[in-house]
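S.K.: Got a structure here, written out as structure tokens. Questions coming.
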Amino acid sequence: MRRTLLVLSAATLFSLGACNSMPTVGPSQREITAAAQDSQGVQVIDVDDAVVHRLREQRTQQQFSEALGTSVGGDLTIGAGDALQINLWESPPAALFGGSAAEVQGAPSTAKAVTLPEQIVDREGYITVPFAGRIKVAALSPRAVEQEIVQRLDGKANQPQAMVRVLRNASSNVTVVGEVATSLRMPLTDSGERVLDALAAAGGVRQPVNKMTLQITRGNQYVAMPLDLVIRDPKQNVPLQAGDVVTAIFQPLSFTALGATGKNDEINFEAQGISVAQALARSGGLLDSRSDPQGVFIFRMEPKTALAWPTQPVQTTTEGLVPVVLRIDLRNPKSFFLMQSLALNNHDILYVSNSPSAELQKFLNLIFSVVYPVVNVTQTIK
């Protein structure tokens, strides 16, 4: 009997020593909380209305309509590289340009017309018109150029008139690049092309619409929005301006589900984002036999100004970000509403810890797995 007790005592001590090395999916709720208290640089935040509101303010996305405006610009202007066709008329008896008789609005039917050779606007923005000299046309509309030519020919030609037409537009273009069928430079016209017009001219996107982000670069400013939001909201289909760059970006956003969830995996989500409630559902929800409903955590990085941090001083990474653990208590019914308003970030980790009862069950299983064979062996020896 004494030998049996000694063997059982040794087995029990072995089991207790093995407790620290028992298999587990990750830290418990208590261990995560202790990480913040032990000055490890981790901020543990309980999710409530104030936290959700503050994080939503941080995620406010600038829209195309707000940043770029919704009004169509004025008439397109001429720029370097454009090819112009210039027709000139004058009334007889003068014949400064010669040419054949042709009808022109506001001039006698015997007015003389001539078509000049194709004019290419040079890098400095000039063209040359006989008897009118070198004229700067850059940043002018065709109508303004007509008026300038007529003014310069006044007194040299008899009742001169001019017509200017852009044959080839080389300066007023929009560049479309990224995940499109064909990258191109799209010439703008006076009809006022918009964002989706440029995307259609490029043959559309090569990836699913709900995983695409559109970025518009205008000068030193750039604004990005999910493509499906641009399609659903006509106000975001803003008019484009010369020099704009439209970039279609494929962004396979994802989060990682770990712990006592139905599925431990990296899970993709749409460019417009998902809520924590949706993320929890996509990961298979909580496992009844293992999960701790008070131990639902989101591991992420946040800017130092994002929240009021409970642990001081605040430690940051080299990028100036704070390691944050958001804790959600699903025993509180209000948490389900908070999860619907709290958005998940790209590369977040959704972690559900094991419940204390599940850890106790694992410990008891370990004890029994060691003790039962010893008891059987002892009885066999006896």
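Every read-out reported here was derived from the displayed coordinates using simple, explicitly stated rules and does not represent laboratory data. All values reported here derive from a predicted model rather than from experimental measurement. Because the Cβ atoms are built from the backbone with ideal geometry, glycine has one as well, and the counts that use them run over all protein chains shown.
S.K.: Only Cα pairs under 8 Å and at least 6 apart count here; give the relative contact order of segment 172-250 as a rounded whole percent.
M.R.: In percent, rounded to a whole number, it is 42.
S.K.: Can you list the residues, at least 5 places off or on another chain, whose amide H is less than 5 Å from the amide H of GLY178, using H built in the peptide plane?
M.R.: So GLY178 has HN proximity to ALA248.
S.K.: Just to verify a number: FRET efficiency for ASP75 and LYS156, C-beta to C-beta distance, R0 = 35 Å, to 0.05?
M.R.: Calculated transfer efficiency: 0.80.
S.K.: Ok, one more. Students often forget the sequence filter, so: which aspartates and glutamates lie under 17 Å Cα-Cα from LYS156 once same-chain residues fewer than 8 apart are removed?
M.R.: Candidates past the 8-residue exclusion: GLU90, GLU146, GLU148.
S.K.: Inverting the mean 1/r over all pairs of different Cα atoms, compute the Kirkwood radius of segment 172-250 and quote it in Å.
M.R.: For segment 172-250, inverting the mean 1/r across all distinct Cα pairs yields 12.3 Å.
S.K.: According to a simple spin-label model (label point 7 Å from Cα along Cα-to-Cβ), what is the distance in nm between GLN251 and ARG185?
M.R.: Distance between label points: 2.9 nm.
S.K.: Next question. Taking the alpha-carbon centroid of each part, what is the distance from segment 77-92 to segment 183-231 in angstrom?
M.R.: Each part reduced to its Cα centre gives a spacing of 32 Å.
S.K.: Could you sort the peptides 299-309, 114-124 by per-residue average Cβ neighbour count (10 Å cutoff), highest mean leading?
M.R.: Highest to lowest by the protection proxy: 299-309, 114-124.
S.K.: What is the gain in length, in nm to one decimal, between SER289 and THR316 on full extension, counting 0.36 nm per residue of separation less the C-alpha to C-alpha distance? Spell out each step's value before the answer.
M.R.: Values: separation 27, 0.36 × 27 = 9.72 nm, distance 3.69 nm.
The span from SER289 to THR316 would gain 6.0 nm if fully extended.
S.K.: Whose amide H sits under 5 Å from the amide H of SER254, counting only residues 5 or more places off or on another chain, with H placed in the peptide plane?
M.R.: Sorted by chain and number, the residues that satisfy this are PHE269, HIS347.
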